[in-house]
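Accompanying notes for the structure given below.
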Ligand code: NOJ
Ligand code: NOJ
């Protein structure tokens, strides 16, 4: 019965988009009907999803007998397909959701699961496998293991480098809870050693190719890079609060952030999810939507470097990815170009014939709910030229600008996005098994559920989408700290990596009764390791040069990164901060530490004529500043 009624409702939503006039009473009524229907879906699907999700966790889960404690089985299915394994990625994402829920509301049963997870991962880290062992970290890149924590020796897409950062992110959520509740020594001695291995892996191997989250493409994957960046930023801060440090986290995070920007296609305004591989694809992939939702930080506003859900880039990308599925699935036929549709992994997918997935359709909704949270808490919504097509598809009269609750546009815009998000959930409801169970996929032609039954990740994706819809945000991860980061001009990022140390985490005993408490004093327990010397330094050049309209400034010097004294190969500076009072041109360039660099500025006229500044060459030896592998130079035209 509920499947039928939701399909009718989808029709109603479609009418709304065709009219596109959010003030219309009929639209308000239809959105309200959709909202009520999604409310009631969530009400029954939430307890069911929790129950089924926990069923898939060993050793006591109702569908996981034989799995070790704390082990997340991807799906109870043992054949067609055989998903009776534990994937590092799936498990980390599932536990991230569990830990966020636990942090919101203390629950001793969940705490036991979390402790079991920490212990299981401590053991798993030292299981040698076809990707390698723990001594140099290579084994951490293995994608999946047997459910009894032994290695899987069959052929597979390996390594998959998203596992370690995702696991670090999940575990850091629990370590922070321990700190906040006065259990500092547990965080330091039981959880941190596991996290530290994963952070070491992230800082050491981030710049090497591997398989993407869908286990198919060998190359560089946006989802993996974004997860790595977040883990390193969060790791640097957590290390400090634990009384230790993670120098590699701080020195590598900016390089990873720089590299993440390379996936953006500035001509078509979407993320190319796989680069350095995966060339046969158009690049639009739910990979990037998942990257956005798992990078959501409620304190970071609509910041686009970290691809926040409400950033103009992430919204333009949302539209591009969703649109890429409109015409390829029969079940999306007849839905107008601005209605919610079933979303798959990427349009060229052939796995099980290439179908929409629950977790990707849910992710499309979750990004929008996350965006709505930020707009609501910051009491403003900004439409830029980049996000305008996204908004205009929902509200045709939308124009660029910033709208606050006092403007007549604010509420209709938010309502339109909310209704659009709800319509993705209505699709999930109508395509789920009538009893609410969620496998991996649903048929592109008939809409029937198929592939791995009771996929743990599907339930987790439902629960996190529902949490965002209810206005429950995940804890901040410090994304705001990258605001204003100067990235190297011309996308020159450093590939610098830091060889890490790896130690088996042997302390796996959680003291009893760690119930909510109050934070202890700032710890000093773990001795500070020696900071790693910088190999590369991100040098920011700020030059004050008064220019005329049409002129540009370049930085030219003796090293290849500065064009080898050829002005046309030099670094183009950015005038984004230029004012008449402070005519500053800026660029950040990666240079080798210890290198002797000579340079000058040139002004390039509208007619391409080059004018060199006077005086002798400027010179310096590249050195890191105090805050990490970065430094700044302030110059004025001479
Ligand atoms: C199993 C992987 O998990 C899936 O993502 C992939 O599409 C198929 N193998 C085919 O390679
Ligand atoms: C296939 C998916 O492509 C991959 O992302 C996932 O880890 C495995 N199935 C297990 O769920």
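The values are calculated or read from the model by the stated rules, or taken from the named source; none is laboratory data. Keep in mind that what you see is a predicted model, and the values were worked out from it rather than measured. Methodologically, a virtual Cβ is constructed for each residue, glycine included, from the backbone with ideal geometry; neighbour enumeration extends over all protein chains shown.
Could you say whether any residue in the stretch 328-350 is closer than 22 Å to residue 283 by Cβ, out of contact with any strand residue (DSSP E or B) (no Cβ under 9 Å at 6 or more places or on another chain), at pLDDT 95 or above and surrounded by fewer than 18 Cβ atoms within 10 Å (Cβ to Cβ)?
There is at least one residue in the stretch 328-350 that is closer than 22 Å to residue 283 by Cβ, out of contact with any strand residue (DSSP E or B) (no Cβ under 9 Å at 6 or more places or on another chain), at pLDDT 95 or above and surrounded by fewer than 18 Cβ atoms within 10 Å (Cβ to Cβ).
Does the stretch 62-74 hold any residues that are in a loop (DSSP other than H, G, I, E, B) and within 16 Å of ligand 2 (Cβ to nearest atom), and which are they?
63, 64, 67, 71, 73, 74
Among the residues of the stretch 325-374, write down those that are within 24 Å of residue 475 (Cβ to Cβ), touching a helix residue (DSSP H, G or I) at 6+ places or on another chain (Cβ under 9 Å) and away from ligand 1 (no atom under 16 Å from the Cβ).
Passing the criteria: 362, 364, 365, 366, 367, 368, 369, 370, 371, 372, 373.
Do we have residue 564 as surrounded by 18 or more Cβ atoms within 10 Å (Cβ to Cβ), more than 35 Å from the chain's Cα centre (by Cα) and closer than 30 Å to residue 497 by Cβ here? Break it down stepwise before answering.
Numbers: surrounded by 18 or more Cβ atoms within 10 Å (Cβ to Cβ): no; more than 35 Å from the chain's Cα centre (by Cα): yes; closer than 30 Å to residue 497 by Cβ: yes.
Spelling it out, it is not the case that residue 564 is surrounded by 18 or more Cβ atoms within 10 Å (Cβ to Cβ), more than 35 Å from the chain's Cα centre (by Cα) and closer than 30 Å to residue 497 by Cβ.
Hey, among 155, 168, 175, which residue is out of contact with any strand residue (DSSP E or B) (no Cβ under 6 Å at 6 or more places or on another chain) and either at pLDDT below 95 or over 24 Å from residue 100 (Cα atoms) (or both)?
From the options 155, 168, 175, the qualifying one is 155.
Checking the conditions here, which among 451, 489, 473 is within 30 Å of residue 265 (Cα to Cα) and at pLDDT 95 or above?
473
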